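Values in this text are rule-based calculations from the coordinates and carry no lab data. Being a predicted model, the structure only gives us computed values, none of them experimental. Glycine also receives a Cβ, built like all others from the backbone with ideal geometry; neighbour counts cover every protein chain displayed.
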């Protein structure tokens, strides 16, 4: 039944009926990110009409730089959401870890790389600590991480000490987000990315065929790859037209690719999905549910720390408001707008990029239009609600079709 | 205790103050099949859950391979090769079957959580599913699209693909079809023969008696019996399950249990038979239709053959009549005329002859010639009734009957429809021949005094011929289909002619003697 729904015979492909049917299928099926992409295009067109400065290399580079830090945090949150849990402490953890790094580097004169690694380890440790509370004592993650939010916010201020602000000067730390590579390097990275991607999908497809599993129709695969490759080339061309490829973007995309691979292609990833879909089934199957949860909380917090470090590197400082305000809420919103289910077991790490692009574009575009921050918040909220509504309706329809 | 795979001593489980299981003690050896029975709530599921780490016991000890163990999670039990198939399969709807069967038992490289080898896993899963007669394409289906039976099979297959040492089934049969239940029992038997221990909790005593070595009976959380299957009867087990030996209590339960499972099995058998029957009927139906079709074709062919045959026959008849006509004319115009002219010349010679002895000889010869001419004339009129061409059927029959009456001592009443008119030559001749044949039959066999011949047109423009006599009748009822076998050649020839003309013929032999031959021939309108 589902095979029939997902891959109908590709005999005739003319006529608008067919196109609409295919679009609908993609919206309901695996290609759940299509509505987000369409929404993003709409947003861009609207802002471009309102302000011709919106779609310029300068502004788009800024947009990408703005979303990397929160996007990284969002990627971690998606892992937790896939488990069917939530991590409210991610923002505070990002601030705390950035502060640990800054204090170690500036006040204790620890080398930049070491300070960053210690900060990442601290993030991982914080995640594990919260995870132990959640898995061993069986407390709801909502409460544990809410408590964490308060605790780590306090810890941030404590770590920063009386000065309240630590300015970063270390070249390594500042270089994390602040390096712009020359065009040739940009093209090189893009080419490597594309080559690895093609090699990967070819290998994965062959594996699936060997296991006589259903494979995605070749035509869809090619379409998707083409879109992706064109996207990569366009992005790099765009970035090269301004200051070049920023290292922060490489970090962000790299993290997404790595964690997409982990969630989709490793046994660990499939365990995350199965625990998120039905923990009891996972337990019966002999999966160490506690361990999977623990590891995921640890990874999520580590990604939050990574996001905090990227933010600090970009803003050249860590202060008392680092990781506070709407950082966490934007990260959660991005995950959900990108198509990650709040109920677990459904979503992709790429949602962090897509969702952040949507939120970042709205914020950036409204800034260009010089609108006040309350309006920004209202509009972002509206888009979030719309995204979730579309997602839930599409899923309901998908389910009724399937039954 | 080294020879027992599993040993359980004084195992208890309390929910608050409510005891679910109390002081359960038993052992299970490798390759042994143990059945667990009891009423609902007797603690069957609880026992299996305690043994597989799904629940923790309140007290008591479990030993595996003689070593005390404590399971905090199913995973720990599974690590020791102890697996449980649950009563109701709980599956993740969005997963496909292959992933689900492999879940928790993935094969891959770079550690357990690394990269899965789906080819190897698919092969394993297919092997297990093939034991249950499941086509391999099930592996690609999504769980949410499966039937209840398929879901149960996925749950069973995912346990049986794991290289287990002790398999427990918690009443996992009910969703399966009868046939698959048998396959599962077979599979469990073969597992046991490979040294795997099996525990089956089930209500179906038939199953248990088919495969188990021992049966453990639970009653209100306690083991009240641990019997060797061969030493007990279903009735004893039911008595123990119910906790009473009163036959008025046990019998209806026995009966109900028996008939429930039998009914289930029969219903399924019936369903299968019904399907088979439906297929059979469809096949039969199409076969019948083919046969009928072929029969029809053959009939058509036969019909055509018949028509061709009749045409040939008719042509033969016509040719024969033509031949006869030609012969008669030849005789009449040539031979008879020649003879007459010889006779005339002989007469002249006779007149010229003076010798009386020669004259007498000549007279005798001339008389002989006249005799021959007479005979030849008779022959001619037999070959071709002389009147039929010039005066028609009625005249020909009249003249024939006159001659016939002269040759016999019967009287003949002839009645011919005055509106008979002229008919096509072939028909007239055939009718004439029929009458001729009929009369000669009467002359030869009937010894009749009175004969009646009737020819008349019926209102439906057919021609009716009725020839009746008061002779001795027929010795046996004539069968129109077997005239030649009965040596009625006269009647046979008549019936052939009637058939060629497309007519019908009836022969009646009334008890008082005589024969009535009645023939009806469809004729075209008279030509004149």
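Is segment A:212-285 best put as rounded, prolate or oblate by its Cα gyration tensor, with a ≥ b ≥ c the root eigenvalues, rounded for a/c under 1.5, and otherwise prolate when a/b is larger than b/c, oblate when not? Walk me through the numbers before you get to the answer.
On the way: a/c = 4.58, a/b = 1.74, b/c = 2.63.
Oblate is the answer for segment A:212-285, as a/c is 1.5 or above yet b/c matches or exceeds a/b.
Is segment B:391-522 rounded, prolate or oblate when judged by the Cα gyration tensor, a ≥ b ≥ c being the square roots of its eigenvalues, rounded requiring a/c under 1.5 and prolate requiring a/b larger than b/c? Write out the running numbers ahead of the final one.
Details: a/c = 1.68, a/b = 1.20, b/c = 1.41.
Oblate.
Classify segment A:273-387 from the C-alpha gyration tensor, please: rounded if a/c falls under 1.5, else prolate or oblate depending on whether a/b exceeds b/c.
Working: a/c = 3.19, a/b = 1.65, b/c = 1.93.
Oblate is the answer for segment A:273-387, as a/c is 1.5 or above yet b/c matches or exceeds a/b.
If I fit a long axis through the Cα atoms of helix A:289-315 and take the longest principal axis of the Cα atoms of chain A, what angle between them do I get, 0 to 90°, rounded to 10?
Long axis of A:289-315 versus the principal axis of chain A: about 60 degrees.
Helix B:356-383: angle to the longest alpha-carbon principal axis of chain B, degrees 0 to 90, nearest 10?
Once rounded, one gets 30 degrees.
What is the angle, in °, between the Cα long axis of helix A:218-241 and the longest principal axis of the Cα atoms in chain A? Nearest 10 is fine, range 0 to 90.
Between helix and principal axis, roughly 40 degrees.
Restricting to bridges with both residues inside the protein assembly as shown, how much of the DSSP beta-bridge set is antiparallel, in percent to the nearest 5? Display every interim value, and only then the final one.
Working: 49 of 73 bridges.
Roughly 65 percent of the beta bridges in the protein assembly as shown run antiparallel, per DSSP.
What distance in nm separates the two pseudo spin-label positions at residue B:236 and residue B:253, each 7 Å out from Cα along the beta-carbon direction?
1.7
If packing is taken as the average number of other Cβ atoms within 10 Å across a peptide's residues, how do B:24-33, A:300-309 rank, most packed first?
Working: B:24-33: 18.3, A:300-309: 31.6.
Those peptides, ordered most packed to least, come out A:300-309, B:24-33.
Would you look at the GNM of chain A, springs on alpha carbons closer than 10 Å, and say which of A:236, A:201, A:45 moves the most?
A:201
Could you order peptides A:68-75, A:382-389, B:293-300, A:172-179 by the average number of other Cβ atoms within 10 Å of their residues, highest first? Could you put the intermediate results ahead of the total?
On the way: A:68-75: 31.2, A:382-389: 15.6, B:293-300: 10.0, A:172-179: 17.9.
The peptides rank, most packed first, as A:68-75, A:172-179, A:382-389, B:293-300.
Quick one: if the Förster radius is 51 Å, what FRET efficiency do residue B:268 and residue A:385 give, using the C-beta to C-beta distance and rounding to 0.05? Before the final figure, lay out each step's value.
Details: r = 52 Å, r/R0 = 1.02.
E between residue B:268 and residue A:385, to the nearest 0.05, is 0.45.
Using only Cα atoms, locate the centre of segment B:245-319 and the centre of segment B:321-357, then give the distance between them in Å, rounded to an integer.
79
Given the C-alpha centroids of segment B:494-513 and segment B:96-148, what is the distance between them in whole angstrom?
85
Which one of A:184, A:81, A:160 has the biggest mean-square fluctuation once chain A is modelled by GNM with Cα springs under 10 Å?
Between A:184, A:81, A:160, it is A:184 that shows the largest mean-square fluctuation.
Report the Cα centroid-to-centroid distance between segment A:336-361 and segment B:395-464 in angstrom, as an integer.
112
Average partner chain C-beta neighbours within 10 Å, per residue of A:264-270?
On the way: counts 0, 3, 8, 14, 6, 2, 8.
Per residue, the number of nearby Cβ atoms from other chains is 6 on average.
Nearest-5 percent of antiparallel DSSP beta bridges in segment B:391-522?
Values: 19 of 25 bridges.
Among the beta bridges of segment B:391-522, antiparallel pairing accounts for roughly 75 percent.
Can you give the extra length, in nm with one decimal, that the chain gains between residue B:297 and residue B:516 once fully stretched, where that is 0.36 nm per residue apart less the Cα-Cα distance? Spell out each step's value before the answer.
On the way: separation 219, 0.36 × 219 = 78.84 nm, distance 3.93 nm.
That pair, residue B:297 and residue B:516, stretches by 74.9 nm at full extension.
What is the antiparallel percent of DSSP beta bridges lying wholly in chain B, to the nearest 5? It would help to have the intermediate numbers written out before the result.
On the way: 44 of 68 bridges.
Of those bridges, close to 65 percent are antiparallel.
Once you treat every alpha carbon in the protein assembly as shown as an equal point and sum by Debye, what is log10 I(q)/I(0) at q = 0.06, 0.07, 0.10 Å⁻¹?
For the requested q values the scattering log ratios are -0.64, -0.75, -1.18.
Please check: in the Gaussian network model of chain A (C-alpha springs, under 10 Å), which one of A:330, A:108, A:59 has the largest mean-square fluctuation.
Checking each option, the largest mean-square fluctuation is seen for A:108.
Ranked from highest to lowest mean number of other Cβ atoms within 10 Å per residue, what is the order of the peptides B:459-471, A:280-292?
Details: B:459-471: 17.4, A:280-292: 21.4.
Descending mean neighbour count gives A:280-292, B:459-471.
Taking N as the number of residues in segment B:258-375, what is its Cα Rg relative to 2.2 N^0.38 Å? It would help to have the intermediate numbers written out before the result.
Numbers: Rg = 41.9 Å, N = 118, 2.2 N^0.38 = 13.5 Å.
Normalised by 2.2 N^0.38 Å, the Cα Rg of segment B:258-375 equals 3.11.
Within 10 Å of each Cβ in A:207-220, how many Cβ atoms from other chains are there, averaged over the peptide?
Other-chain Cβ atoms within 10 Å of each residue's Cβ, averaged: 4.
Taking each residue in B:71-79, count the Cβ atoms of any other chain within 10 Å of its Cβ, then average. What number comes out?
Details: counts 0, 1, 6, 6, 9, 2, 1, 4, 1.
That works out to 3 on average.
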